[in-house]
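Since the structure comes first, as C-alpha cells, the remarks are kept for the end.
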Amino acid sequence: MISTDTIFNKDIFHRDPLGYTIPNDGVTKVGPIATEGEWAVARYELENFVCKGSYHRGLKNILESFLDNLDQPVQPAVWVSGFFGSGKSHLSVCWNFSGAI
C-alpha cells in the first residue's frame, strides 16, 4: 500500500529552513570582516559548512601545502574550480576564515 502522508522539509532537516534566513542571500564574498552584518554572515557560513568528501580532501591538500611552505617567502597559489552551485565560493570563504589567506 502507498502511503499518502506528506513529508515536509522542516520535518527532515536538522534546522527548519523556514526558521531562518540566509544573511548573505546566497552570495559569498571573501574579505575582511568589519561590520556586525559581516560577522552574522561569517557565523552562518561556518555553521553551515559541511567538510566531507571532496571538500575535506581539498581543504586538507590546501592546508598541507600551506604548512609545508610556511617558512617560505611566498605560498603556492590555490585554484578552486567546479560547476555552478558546487560551493567554490563557500570553500574559499571558509578557507579565508582560517586566516591562512
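Every number in this text was worked out from the coordinates using simple rules, so none of it is lab data. Small disclaimer: the values here were computed from a predicted structure and weren't measured. For neighbour counting, all protein chains shown are included, and Cβ atoms are generated from backbone atoms with ideal geometry for every residue, glycine included.
Values as computed for the structure displayed
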quantity: Rounded to the nearest 20 debye, dipole of the chain from Cβ charges on Lys, Arg, Asp, Glu; calculated: 220
quantity: CD proxy at 222 nm, helix term only [per DSSP H run n ≥ 4: -39500 (n - 2.57); per residue of the chain; nearest 500]; calculated: -12500 deg cm²/dmol
quantity: Gaussian network model of the chain, springs between alpha carbon atoms under 10 Å - residue of Phe83, Phe49, Phe66 with greatest fluctuation; calculated: Phe83
quantity: ³J(HN,Hα), Karplus 6.51/-1.76/1.60, whole Hz, each residue of the range 56-64, x for Gly, Pro; calculated: 4, 4, x, 4, 4, 5, 5, 5, 4
quantity: Karplus-derived 3J(HN,Hα), 6.51/-1.76/1.60, for each residue of the range 72-85, Hz, glycine and proline x; calculated: 8, x, 9, 9, x, 6, 10, 10, 9, 10, x, 6, 4, x
quantity: Rg over Rh, two decimals, the range 9-97 (C-alpha only, Kirkwood Rh); calculated: 1.02
quantity: Tilt relative to the chain, helix 36-47 - C-alpha long axis, 0 to 90 degrees, to 10; calculated: 80
quantity: Net lengthening on full extension, Asp5/Ala77 (0.36 nm per residue, minus Cα-Cα); calculated: 20.8 nm
quantity: Relative contact order (%) - criterion: Cα under 8 Å, at least six apart; region: the range 1-100; calculated: 30
